[in-house]
């Protein structure tokens, strides 16, 4: 199926193009360039080559409201002219907005465009889907243009202070979910002149800003993976991260603690689930000989040869587990079991540790007893 996307360099257009390329045997993307709307001959050729056209090209913001309306309506009319010149039977999928019925020029321009394409489909026997879309957010949106979330993310990652102009509950959909709906519509081949897409989340502007400020404090400033309570927060966090200056931010150096036994490095802290660390242990050295009453802990050997021993408190049975970095494996430490790990090889032992909560020197839940 040959798919053409007007506005393929825009926010949703880029995501849609990237998603379609995951299915090279199913979809072939027809090249589109912004200049095609300035050259009707090229636009006609583009239309002639397409089985499906997703019309996303539009102007969202401009100092002159008339420019927004006139531009968006003009683009639709030019597309209709090209469709008529080629007697195209392509399925036209148009992105309108939940702002259709609001008193703003952008919403009016999208509603007019959808109605014009509906009339074309009736007149020409064409196939048309007019999507009415809620507020879309996600990675790579343009700040100060696509959404307030993009603006907030950019400001926070560039040490600027966001300001809420007007608080209120906003209906949202993640761009990945939006793209999946478009692809499903392409596959179905069914037209629908008014196809209202349901939002997936409702959040207040102030609540979203609070979450984003938390990501700034936890992730950027402290290197902690923040608490992500649901898929919306996962998507919001991934959106936030894309606005960071990765080249400037990474790499981040670990703090390395050394003593005669070897080295210890805390690898990661996760508000979603505890703390990850790794250690090096020189031959013959044993670490541990302690137990926990509430913590969940896992030892994973990634290099060298190790003996992990466990003994339930109050019993005399010692359980031995031999692990090798040549065949990576792990052992989980049950509560009320004293445990240790010993380097029984001839090279340094590398071990990764995960535990389900941060180390707190005031509340260690660590009790020493030899295995």
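A single member of 355, 341 is surrounded by 13 or more Cβ atoms within 10 Å (Cβ to Cβ) and either at pLDDT below 95 or not assigned by TED's automatic domain parsing to the domain that holds residue 297 (or both), and it is 355.
Within region 166-183, being in a loop (DSSP other than H, G, I, E, B) and either closer than 27 Å to residue 121 by Cα or in contact with a helix residue (DSSP H, G or I) (Cβ under 7 Å, 6 or more places away or on another chain) (or both) holds for 167, 168. Of the strands (runs of 3 or more DSSP E) that lie entirely inside region 300-356, those containing 2 or more residues that are within 22 Å of residue 269 (Cα to Cα) span 329-333, 349-355. Per this entry, residue 186 is counted among residues that are farther than 16 Å from residue 156 by Cβ and not in a loop (DSSP other than H, G, I, E, B). Taken together, the residues in region 136-165 that are in contact (Cβ under 8 Å) with a residue 40 or more places away in the chain, closer than 17 Å to residue 237 by Cα and in contact with a helix residue (DSSP H, G or I) (Cβ under 9 Å, 6 or more places away or on another chain) amount to 16. Checked against the criterion of being closer than 24 Å to residue 173 by Cα and either surrounded by 18 or more Cβ atoms within 10 Å (Cβ to Cβ) or assigned by TED's automatic domain parsing to the domain that holds residue 123 (or both), the candidates 51, 101, 64 yield just one match: 101.
The values are calculated or read from the model by the stated rules, or taken from the named source; none is laboratory data. Computed from a prediction, not measured in an experiment: that's the story for all the values here. Don't worry about glycine lacking a Cβ; one is built from the backbone with ideal geometry, like all the others, and counts go over all protein chains shown.
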